[in-house]
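The values are calculated or read from the model by the stated rules, or taken from the named source; none is laboratory data. Keep in mind that this is a model prediction, so the values were computed, not measured. For neighbour counting, all protein chains shown are included, and Cβ atoms are generated from backbone atoms with ideal geometry for every residue, glycine included.
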Amino acid sequence: MIRIATDIGGTFTDIALDAGGRLITGKVLTTSAAPEQGVLQGVRQLLAEADVAPGAVGLFLHGTTLATNAVIERKGARTALVMTEGFTDTPEIGREHRFDQYNLYLEKPAPLVPRELRFGLRERVDADGGVVEALAQTEIVRVADLLRESGATAIAVCLLHSYANPAHEEQLAAGLAQLLPDVSVSLSCRVSPLIGEYERCSTTCANAYVQPLVASYLSRMQEGLRDLGIAAPVLVMMSEGALASVETAAQLPVRLIESGPAGGAMLAAAVARRLGRDRLVAFDMGGTTAKICLIENGRPTQESSFEADRVYRFKKGSGLPLRIPVVELVEIGAGGGSIARVDGAGRLLVGPESAGADPGPACYGRGGTRPTVTDADLLLGRITAARFAGGRLALDRDAAARAVGGALADALGLPVDPSAAAIAEVVEEAMASAARTYAAEKGCDLGGWTLLAFGGAAGLHAAGVARRLGIREIVLPPNAGVGSAIGFLVAPAAFTVKRSAFAPLAGLSPASVAAIRQAIREEAQTMLQSLGDLDDAEESWMVDLRYSGQGTEITLPLAPDPIETLADRLRDIFEAEYHRRLGLLPQGVPIEVAAWSLTITLRVEPTDVLATRPAAAVTAAPGEALLYDLDTGTHQAATLAERAAMPAGGALRGPALLVEDHTTLVIPPGMAARCDAEGFIVLRSEGDAA
Amino acid sequence: MTLTARQAIAMQVMWNRLLSVVEEQAQTLIRTSFSPVTRDAGDLSAGIFTPDGLMMAQAVTGTPGHVNAMARSVGHFLAAIPINDWSEGDVAITNDPWIGTGHLNDFCVVTPVFRQGRLIAFFASTTHIVDVGGQGIGFDGRDVFHEGIRIPVLRFLQQGRPDAHVEQILRANVRFPDQLMGEVFALIAANEGGSRALLRMCDEFGLDDLGVLAGFIFDRSAAGMRAAIATLPEGRFDTAMRIDLVGEPIEVTASMTVKDGTISLDLGGELTPHPRGVNVPFCYTEAYAAFGVRCIVGPDIPNNAASLDAVRISAPEGSILNARFPAPVASRHILGHMMADLALGCLAAAAPDRVPGEHSGTLWNLRLARSDGARPFNVLCFHSGGGGARPAQDGLAATAYPSGVQAIPVEVSERAAPILYRRRALRPDSGGAGTWRGGLGQVIEVAPRDGSPIEVGASFQRVSTPARGRQGGQDGAPGVVRLSSGRPFKAAGRQPIPADDSLIVETPGGGGYGNPHKRAPERVAQDVRRGLITPAAALRDYGVVVPEVLQEATAVPTDAAPPPPR
């Protein structure tokens, strides 16, 4: 089957066409005002280039930052919020805290729904799901009138404890469907049925806020594809790393918010499976951020919290919380454009502030004067000026030396080149540190894992990051430049439902567990039924457990145990996992279930879009580069080779640079890179067996 | 000492590493904690120390009261257990208010780290335990013995094994033994995680000990603080503040001297020791006063022994701000939290364009408990008033300062105790008027859910003394505490919410900044439209008449209406 995957990013729209294992890729500029236009134009070009008839396309896969941008730019619908009376200031009061302890001047993210569009509803459910005050029909009519007058085109509904009892939200939705039939309504019990009213409310507001926009965009996209002659079904990439129907995406658009990074994670997972690596760290470093994702047994893990629109980039707590299933990854403000500075205590810090594309690093010669990671890489000889961005951008080495050698080098008390080395070391430490902390949370030590490097800057720093983590193998996949779009091609159609449901583990009632699980299963099946055969689908259950009184859960996979022995087995697994991650087990404290989640995955035909055919033999003679060496304080000769010229089985010993159009792999002394039969580059210590 | 380029770079990397190690330590504590106070409110601290007890790095999570106070704690542990008496596998513990962080509720755990048989560092972490026995919530104790069990510095683990006797004694003396023990093990796990990460770093950089690194961190931090202090004029800057306390308000004075690269802050005033548990051990006074200074002076310099040393605090020995054993100290935060705004008051005289209006200060915590009946409980729900207006920004609504805690979700609190929140809404007209408006307080109403009364440990501040404005800004609205029935309820003291009644607290607003008549009229209009100020207040405080057409969208808040009949 011929498939097309498109990923709309901030600057570029990536397109990948899979014609039965033959992969053709392209990039066009993103057309922000009407993003579908850029996609359609790019698709038309690529079809022509590949000589494929539009009618032959069997599946169209799509990911977009539309929802993210609408939130960040506050360009969503005029959204109203209905909340339990007395609590409509929840979006503004939030968690009442300062996310930056010593900063007296911090600002919090502005709520998506301003105060004048928030309405209280007389009703109340308690923590056990019991009705304290019933929702009267007259109350629904009263609030519907207020909503109508407000001119809102989207409505978010978040009532207290609706995760435990959704009846009032559903009753209100039924009423609004009759009274305001043209307004889209998002219910918190569907969007994010998890405890915590601020986070659930924020998630529901974001869903409502982007819903009209995403729904109309997707229908325009489908129309445009039909006009092109493509009648194929359209699937949309969600933040959890799974494909969903257009209908699901239109109902739960907040779940599209991290589709790009999810695509990258799915690519990494596919590479891990293909290369047979059970433990792989995906390391994606671009211009402004680095993303790190752990892939165990061929899969990334999911989490259920995310923050959008952080006021201070990367500062936890400064954004709007979203409780949706997302591929678990850490993102830090470290990329080629990250700016280095020295703080009041003489501490060298790199990022999160970035020079961006304009003015860009000082060496771009576009007026940037502050030192960036790219400037440091250029001074260290890691970037070959003539080959940068395929040779389309001339780099100014003197400008880089001025930027690094100015105030920064003075404050560090070091000459220019060692200062550049310090920038590289500190940014590598920041990334390694983020990976280490993240791994520690999961009870893992990354020593012995494989590092998969992709994104423009990853190859420059992969060896440094790997060394700090005790990682001895680095892989650079082919076609890493359009990684997310390729990730869509290898992602399954799936849907996850997660719901808070508290119960002591001892004496877990089989009947109530069965009821909860059946409700969750039906919800997930509804979302998938248009996409394939549910009888042949894979069900993967997870359960969140904790010691009663704790607030952080451990998520465990649930084997298909008979319900009678479920509690005993769960206790054993939980205690083992708790011990592995956190050490001593508390004695005499009961364990409780906090949430259930189910992922249903439809079977997919295995496809192969990852490999390329490397050159048959060395096609170009290697050149020479100069790499800075901190111990001798001089630039030392290194081999310079073209990736396209590396034949299968070919090897390159460090010190060396392996360059391609959009990135360079730095091979330090003592390491060697090999190209395998499918175009993957594998970098290892020379002492290590291949 | 001169470092080679490689060494200098390694020092930079390791300093960053230590900061991430202590962060990891704090995160472990949050993940393993049994207490919403720790995990949701962030009432904890974590740090790494040299073998002689000097703090090298601390996690930025947590509250200033723990953090600065904890900086001194390892020194006290060393006084009790001399350096040569520590062995691998030891873990020591205390909740002594004068050693840890000022009251019995804070347990501090210290773990030594050994490398090749040598002690190279200590990790310490602290968190708040909701119940430590004694008379329970509130400040009614007449001495520290009334306030609960006190564990002197002792080894709780030897050779990695917990002391069963200590555990038995602890369990026998508190109301919720599982919670206490769970928390103690969480503290131990946090230090363990920190130790592992530190040893990995030593392997990676080939370090035998941390001596050179500590010197590098302390030198840089001391120099950084000197430069930060140099941005202030030298001289003496005085201020005073009336503080509600409990019962009779007291006047506290502060005199700040900026000289030769250090700041000294001397506290004085009506500091008679109090018969109830609102006395403050000096470690806690120092913590909050120093924190207030550091928010303006060198906020980006990481906390460690050297950066903390640049700011020196004093309070008369034996006074309420430097309480002597065995004074009752359970609610030392009531007065302690006010020290930050007091320090800012001195700085406002030195650097008026950098210092915000006064904050609502001390948290408006709802301490709710029941010790008899079928379902005893004890919950601490953190809530806040408004923040002071900043020199070019409005104050933050319902946001804690100086405490760094965050509120626990209503849905979580209602699961932890038989209570029902009836509302939690912004409080209009509570932010002090100014060119920049003070942050709004909030109105919270809470009731018993199961038909039985609930005890409240009230200790609400800024009820008779509001958060003051600066540079011409007006004061924020003072706080109000009442029962919905109209029955009397005091701002301080242990009192019940009757079964058929509900408690209403209106938390104070922050002070304004600058002359209100200079506030942009469109901001005043927007505040009216959003229901943050009333049209009457717009006219009275800002001299702005907001035409009705602009008020129109004030569809707002049905919340402003009286609560539904029940």
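The residues listed here are B:Gly277, B:Gly247, B:Gly298; of these, the one that is in a loop (DSSP other than H, G, I, E, B), buried (at least 22 other Cβ atoms within 10 Å of the Cβ) and at positive phi is B:Gly298. Counting only strands (runs of 3 or more DSSP E) that sit wholly inside region A:293-346, those with at least 3 residues that are touching a residue at least 24 places away in the same chain (Cβ under 8 Å) are A:320-322, A:330-332, A:338-342. Taking A:Pro111, is it of a type outside the set (Ser, Thr, Tyr), modelled with pLDDT of 95 or more and within 30 Å of A:Pro166 (Cβ to Cβ)? The answer is no for A:Pro111. When residues in region B:1-13 are screened for being within 15 Å of B:Asp219 (Cα to Cα) and either of a type in the set (S, T, N, Q) or more than 7 Å from chain A (Cβ to nearest Cβ) (or both), 5 of them pass. The residue that is farthest from B:Asp178 (Cα to Cα), among those in region B:365-380 that are in contact (Cβ under 8 Å) with a residue 60 or more places away in the chain and assigned to a strand (DSSP E or B), is B:Leu366.
Quick check on B:Ile99: is it out of contact with any Gly (no Cβ under 8 Å at 6 or more places or on another chain), in a loop (DSSP other than H, G, I, E, B) and among the aliphatic types (A, V, I, L, M)? The answer is yes for B:Ile99. Would you pick out the residues in region A:323-341 that are modelled with pLDDT of 90 or more and surrounded by fewer than 20 Cβ atoms within 10 Å (Cβ to Cβ)? Selection gives A:Arg341 alone. For first residues located in region B:504-527 and part of a helix (DSSP H, G or I), partners that are at pLDDT below 95 and basic (Lys, Arg) and lie 6+ apart or on another chain with Cβ distances below 6 Å do not occur.
Which count do you get for residues in region A:93-145 that are assigned to a helix (DSSP H, G or I) and either hydroxyl-bearing (Ser, Thr, Tyr) or touching a residue at least 60 places away in the same chain (Cβ under 8 Å) (or both)? Talk me through it step by step, then tell me what you get.
Kept after step one, since they are assigned to a helix (DSSP H, G or I), are these residues of region A:93-145: A:93, A:115-117, A:137-145.
Keeping just the survivors that are either hydroxyl-bearing (Ser, Thr, Tyr) or touching a residue at least 60 places away in the same chain (Cβ under 8 Å) (or both) gives A:93, A:138, A:143.
Residues meeting the conditions: 3.
The sole residue among A:Leu640, A:Leu657, A:Leu665, A:Leu627 that is touching a Ser or Thr at 6+ places or on another chain (Cβ under 6 Å), of a type outside the set (Gly, Ala, Ser) and either assigned by TED's automatic domain parsing to the domain that holds A:Arg273 or within 20 Å of A:Leu460 (Cβ to Cβ) (or both) is A:Leu657.
Among the conditions (1) out of contact with any helix residue (DSSP H, G or I) (no Cβ under 7 Å at 6 or more places or on another chain); (2) assigned to a helix (DSSP H, G or I), the only one that A:Arg44 does not satisfy is (1).
Can you pull out the residues in region B:342-377 that are basic (Lys, Arg) and within 16 Å of the chain's Cα centre (by Cα)? I'd like the intermediate steps shown before the answer.
First, pick out the residues of region B:342-377 that are basic (Lys, Arg): B:354, B:367, B:370, B:375.
B:Arg367 - this is the single residue of region B:342-377 that is basic (Lys, Arg) and within 16 Å of the chain's Cα centre (by Cα).
Within region A:341-367, the set of residues being within 25 Å of A:Gly381 (Cβ to Cβ), out of contact with any Lys or Arg (no Cβ under 6 Å at 6 or more places or on another chain) and away from every other protein chain (no Cβ under 11 Å) comprises A:Gly351, A:Ser354, A:Ala355, A:Gly356, A:Ala357, A:Pro361, A:Ala362, A:Cys363, A:Tyr364, A:Gly365, A:Arg366, A:Gly367.
Residues that are more than 7 Å from chain B (Cβ to nearest Cβ) and surrounded by fewer than 24 Cβ atoms within 10 Å (Cβ to Cβ) within region A:414-427 comprise A:Pro415, A:Val416, A:Asp417, listed in sequence order.
Considering only residues in region A:1-53 that are surrounded by 13 or more Cβ atoms within 10 Å (Cβ to Cβ), farther than 20 Å from A:Asp227 by Cβ and among the polar types (S, T, N, Q), the one that is modelled with the highest pLDDT turns out to be A:Thr25.
Does region B:421-449 hold any residues that are in a loop (DSSP other than H, G, I, E, B) and at the interface with chain A (Cβ under 7 Å from one of its Cβ atoms), and which are they?
B:Arg449
Filtering region A:386-413 to residues that are surrounded by 15 or more Cβ atoms within 10 Å (Cβ to Cβ), within 26 Å of A:Arg467 (Cβ to Cβ) and of a type outside the set (Phe, Trp, Tyr) leaves A:Arg387, A:Ala400, A:Val404, A:Leu408, A:Ala409, A:Leu412.
Scanning region A:505-557 for residues that are charged (D, E, K, R) and more than 14 Å from chain B (Cβ to nearest Cβ) returns A:Arg517, A:Arg521, A:Glu522, A:Glu523, A:Asp533, A:Asp535, A:Asp536, A:Glu538, A:Glu539. For region A:244-253, state whether one or more residues are touching a Ser or Thr at 6+ places or on another chain (Cβ under 6 Å) and either modelled with pLDDT of 95 or more or part of a loop (DSSP other than H, G, I, E, B) (or both). No: zero hits. Close Cβ contacts (under 6 Å, 6 or more residues apart or on different chains) running from residues in region A:663-690 that are farther than 21 Å from A:Ala424 by Cα to residues that are among the β-branched types (Val, Ile, Thr) and not in a strand (DSSP E or B) comprise A:Gly679/A:Thr612.
Looking only at region B:396-420, filter to residues that are in contact with a Leu (Cβ under 8 Å, 6 or more places away or on another chain) and more than 7 Å from every other protein chain (Cβ to nearest Cβ); which one of those is nearest to A:Ala594 (Cα to Cα)? Only one residue tops the list, namely B:Ala417.
Within region B:219-242, the set of residues being within 11 Å of chain A (Cβ to nearest Cβ) and in a strand (DSSP E or B) is empty.
Among the numbered conditions (1) within 12 Å of another protein chain (Cβ to nearest Cβ); (2) touching a strand residue (DSSP E or B) at 6+ places or on another chain (Cβ under 9 Å), the only one that A:Gly337 does not meet is (1). All but one of (1) assigned to a loop (DSSP other than H, G, I, E, B); (2) within 15 Å of A:Val682 (Cα to Cα) hold for A:Ala466, so report the exception by its number. Single failed check for A:Ala466: (1). The condition (being closer than 25 Å to A:Leu378 by Cβ and modelled with pLDDT under 85) is satisfied by just one residue among A:Gly456, A:Gly532, A:Gly464, A:Gly507: A:Gly456. Return the residues of region A:188-203 that are buried (at least 23 other Cβ atoms within 10 Å of the Cβ) and away from chain B (no Cβ under 14 Å); say none if nothing qualifies. Answer for region A:188-203, where residues must be buried (at least 23 other Cβ atoms within 10 Å of the Cβ) and away from chain B (no Cβ under 14 Å): just A:Val191. The requirement of being surrounded by fewer than 24 Cβ atoms within 10 Å (Cβ to Cβ) and under 14 Å from the mean Cα position of the chain (by Cα) is fulfilled somewhere in region B:41-60, by at least one residue. Condition first: in contact (Cβ under 8 Å) with a residue 24 or more places away in the chain, more than 23 Å from A:Pro193 (Cα to Cα) and surrounded by 14 or more Cβ atoms within 10 Å (Cβ to Cβ). Can you find one or more residues in region A:536-546 that meet it? Among the residues of region A:536-546, at least one is in contact (Cβ under 8 Å) with a residue 24 or more places away in the chain, more than 23 Å from A:Pro193 (Cα to Cα) and surrounded by 14 or more Cβ atoms within 10 Å (Cβ to Cβ), which makes the answer yes.
Here A:Val311 clears all of (1) closer than 25 Å to A:Val373 by Cβ; (2) under 16 Å from the mean Cα position of the chain (by Cα); (3) at pLDDT below 90 except the condition numbered (2).
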